[in-house]
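The values are calculated or read from the model by the stated rules, or taken from the named source; none is laboratory data. Computed from a predicted structure; not experimentally measured. Glycine gets a Cβ as well: all are built from the backbone with ideal geometry, and neighbour counts include every protein chain shown.
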Amino acid sequence: MDTLVSLCKRRGFVFQSSEIYGGTGSCWDYGPLGVELKNKIKRVWWRDFVQRRPDMVGLDASILMHAMVWKASGHVDHFTDPMVDCRECRHRFRADQLDEVPWVHYCPATKGNKFTIPAAEACSHCGGRRTLCPDCGKGELTAPRQFNLMFKTFMGPVEEDAAVTYLRPETAQGIFVNFDNVQQSMRRKLPFGIGQIGKAFRNEITPGNFIFRTREFEQMEIEYFVNPHETVDGRPADEFWHDRWIEDCVAWFKRYGIQDGNLRLHEHARDELAHYAKRTADVQYRFPIGWSELMGIANRTDFDLKQHAKFSGKALSYFDEERKEHVVPFVIEPSAGVDRALLAFLADAYREEEVRGEKRVVLRFHPELAPISVAILPLLKKRDDIVRTAHALRDELSRDLTVVYDDTAAIGRLYRRQDEVGTAYCVTVDVQTVGATDKGEAADGKVTIRDRDSMEQVRVPASRVREVIGALLGGRPWAEVAAAAGGA
Ligand code: GAP
């Protein structure tokens with residue numbers, strides 16, 4: 001994790017928020033490359049799950065909503081974590097996560113020697129288990145108190161109870177309260193889904209592990225509405241669609257490069273399930289901090305629509321033409337964190353390789369996710385015609401691709417710099433491209449495209465670069481495209 005955090009800061013992916021004031025441990029700012037990576041993750045998610053599916057539509061609901069939304073959803077009363085404080089060092093913990101961190105122990109069997117013992121394990125000398133503060137090993141912990149994770153604020157200039165509202169802790173509720181609007185305006189038949197990407201806020205007791213758990217984050221959520229009275233392949237529709245969404249979500253992460261062995265499913269046990277859920281499966285990723293939740297896929301039943309109908313007095317149901325009856329749809333909810341997905345893609349892409357006796361750090365992002373698609377590198381920055389050609393190429397490609405121009409070092413170093421940030425392809429403009437009239441060498445009008453992963457190169461006419469890069473970004477293998485383009 002330290003390696004990733006340091007790379008992210010050094011190369012402009014992620015900075016600590018308000019760093020010049022000492023920073024906040026719970027918020028992060030995405031730098032020039034981080035915002036490109038984040039936008040690309042969101043773009044492919046939206047394209048694959050909303051735009052390309054005939055059974056999906058999109059929504060962008062507001063962050064501030066009517067306070068009753070959070071009463072109806074259960075967040076005001078139940079969205080709490082148990083919190084304890086150390087009476088000695090004043091550190092604060094989630095009571096239910098105390099045994100998930102290593103703990104400091106002054107062992108009575110070894111004259112009070114200090115040990116740091118792995119999470120949930122007993123001391124191998126005295127056999128003791130943690131009872132005190134895991135951080136200082138000395139302080140008693142207070143009794144747990146329930147702490148609501150929602151950020152409270154006021155709508156309007158007067159800070160009074162009637163004006164209280166909350167920053168949304170999940171984007172989902174914006175979809176539920178708009179169910180009828182979307183269904184009516186888009187004349188949708190079940191099953192159909194609504195997708196949304198947006199910010200969510202939680203006053204986490206113990207944020208941390210870089211962008212894994214923060215107080216402000218982004219979610220990509222889908223609420224997929226199904227008719228609970230229908231069956232698909234002989235199974236209740238909600239159960240069929242739940243399995244289908246689990247498969248689709250896992251396949252999506254693999255499609256964009258996450259390695260098979262780094263993903264697994266975690267089924268929630270009965271006592272782990274949220275009060276509204278019939279079944280929940282988490283997709284876990286092997287993060288640098290260990291296996292942890294990347295996203296959750298829950299069957300929320302008809303809980304939310306019924307709650308909002310009850311609290312608002314407006315029917316949130318669907319008229320089943322076939323059965324001539326009103327039904328309240330069940331909801332399957334694939335819910336992913338953008339920041340967690342970014343951390344997973346980053347961790348999975350990171351490699352340290354040896355190339356001709358030298359270390360190469362490379363981020364092997366899927367080409368569609370690479371923050372920079374193409375780097376244009378002039379081989380000689382003193383030659384005006386080379387620089388002009390390189391700039392013209394940059395102008396042309398930057399119409400619909402993320403492109404950078406760099407002439408600040410020798411080519412070997414420029415390649416390493418681009419590898420380290422995961423740039424999918426480098427294009428070099430050299431003397432042959434523009435010719436050398438003084439030596440009587442004619443221009444061939446070709447440039448060199450270099451593939452980040454194989455480091456192979458192919459010379460193609462400058463006029464065909466957009467087409468070749470387009471084919472590569474569209475998923476055609478390098479070997480095939482290079483063979484076709486190189487032979488052109
Ligand atoms: N609407 C359902 C819902 O919000 P959740 O499991 O609480 O479910 C869904 O959150 C996803 O949002 C998580 O799997 C995670 O990727 C992301 N997420 C939740 N809390 C987060 C936090 N404090 N920081 C970063 N991402 C978070």
Confirm whether F253 is modelled with pLDDT of 95 or more, among the hydrophobic types (A, V, I, L, M, F, W, C) and more than 25 Å from the chain's Cα centre (by Cα).
no
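Can D85 be described as surrounded by fewer than 15 Cβ atoms within 10 Å (Cβ to Cβ), among the charged types (D, E, K, R) and not in a loop (DSSP other than H, G, I, E, B)? I'd like the intermediate steps shown before the answer.
Details: surrounded by fewer than 15 Cβ atoms within 10 Å (Cβ to Cβ): no; among the charged types (D, E, K, R): yes; not in a loop (DSSP other than H, G, I, E, B): yes.
Here the answer is no, as D85 does not meet what is asked.
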Just for segment 184-204: of the residues that are buried (at least 17 other Cβ atoms within 10 Å of the Cβ) and among the hydrophobic types (A, V, I, L, M, F, W, C), which one is nearest to the ligand (Cβ to nearest atom)?
A200
Among the residues of segment 166-183, are any among the basic types (K, R), out of contact with any Leu (no Cβ under 7 Å at 6 or more places or on another chain), farther than 14 Å from D339 by Cβ and more than 16 Å from the ligand (Cβ to nearest atom)?
no
Using the structure shown, decide if V331 is away from the ligand (no atom under 16 Å from the Cβ), assigned to a strand (DSSP E or B) and at pLDDT 95 or above.
no
Residue satisfying all of: in segment 147-186; part of a helix (DSSP H, G or I) and aromatic (F, W, Y); farthest from the chain's Cα centre (by Cα) among these:
F179
All but one of (1) more than 26 Å from L363 (Cβ to Cβ); (2) within 34 Å of the chain's Cα centre (by Cα) hold for D384, so report the exception by its number.
(2)
Of everything in segment 334-366, what is within 16 Å of the ligand (Cβ to nearest atom) and among the basic types (K, R)? Give them in sequence order.
R340
Output the residues belonging to segment 98-146 that are aliphatic (A, V, I, L, M) and either assigned to a loop (DSSP other than H, G, I, E, B) or more than 36 Å from the chain's Cα centre (by Cα) (or both).
V101, A109, A119, A120, A122, L132, A143
Output for segment 268-301, where each listed residue is touching a Ser or Thr at 6+ places or on another chain (Cβ under 9 Å), more than 14 Å from the ligand (Cβ to nearest atom) and more than 20 Å from F217 (Cβ to Cβ):
K278, R286
Checking the conditions here, which among F330, F311 is farther than 30 Å from S6 by Cβ and crowded, with 21+ Cβ neighbours inside 10 Å?
F330
